[in-house]
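In what follows, a structure is listed as structure tokens, so that the remarks can point back to it.
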Amino acid sequence: MFEQHGKFQLACEQNIIIFIAEGAWNYEASLNATTQIKYIIDRLEHKQHAFIFETQHVEGMTPDAFSTWSDAVNYWLEHGFRAIARVTDPSESHYKMFIEPFDLRLKDLMPLTFTDDLASAVNWLHGLGYRGFEQGIDLTKFVSNQ
């Protein structure tokens, strides 16, 4: 197995999951991240939940990393994934190359929005009825691979 390339931070409160990613992603980092997310989703026991993905600093993804994420998204959809807020600029080339293929699929299945920051993403999800991070994000303890 190779060293992980791609950094992440992950937190969950009630039915909102926050995932912050940066760097160029390989299979090993993708497997670690998706395993951590699966653990959270399994604890939610099929309850509807939403994701905030901050991906504005993702620089790339290997083909096997892309496959790992694609398989993970399928699992999440089967287990209650119902809304997504993405913190990124959808006009940036890194988004278009590496992230947009996921969103093109998801936008037909659930509400999806783009925001400038995590707080705006949380507020948007609250407007849809999701709960979590009402006290803000500043004091949140994130799990990380760094």
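Here, each number is a calculation from the coordinates, and none is a lab measurement. Every value quoted in this text rests on a predicted model; they were computed, and no experiment measured them. As a convention, Cβ positions derive from the backbone with ideal geometry for all residues, glycine included, and neighbour counts pool all protein chains shown.
Note down all Cβ pairs under 6 Å where the first residue falls in the range 87-99 and is touching a residue at least 12 places away in the same chain (Cβ under 8 Å), the second is among the aromatic types (Phe, Trp, Tyr), and they're at least six residues apart or on different chains.
The qualifying pairs are 88/95; 90/114.
Quick one: what pairs do we get from the range 101-120, first residue under 13 Å from residue 81 (Cβ atoms), second of a type outside the set (Ser, Thr, Tyr) and part of a helix (DSSP H, G or I), C-beta under 8 Å, 6+ apart or different chains?
Every condition considered, the pairs that remain are 102/69; 102/73; 105/73; 106/73; 109/77; 112/103; 112/106.
Just the residues that are without any contact (Cβ under 8 Å) to a residue 40 or more places away in the chain, assigned to a strand (DSSP E or B) and not charged (D, E, K, R), please, taken from the range 19-41.
Hits for the range 19-41 are 19, 21, 23, 24.
Looking only at residues that are surrounded by 14 or more Cβ atoms within 10 Å (Cβ to Cβ) and small (Gly, Ala, Ser) in the range 71-110, which one is farthest from residue 50 (Cα to Cα)?
The residue in question is 72.
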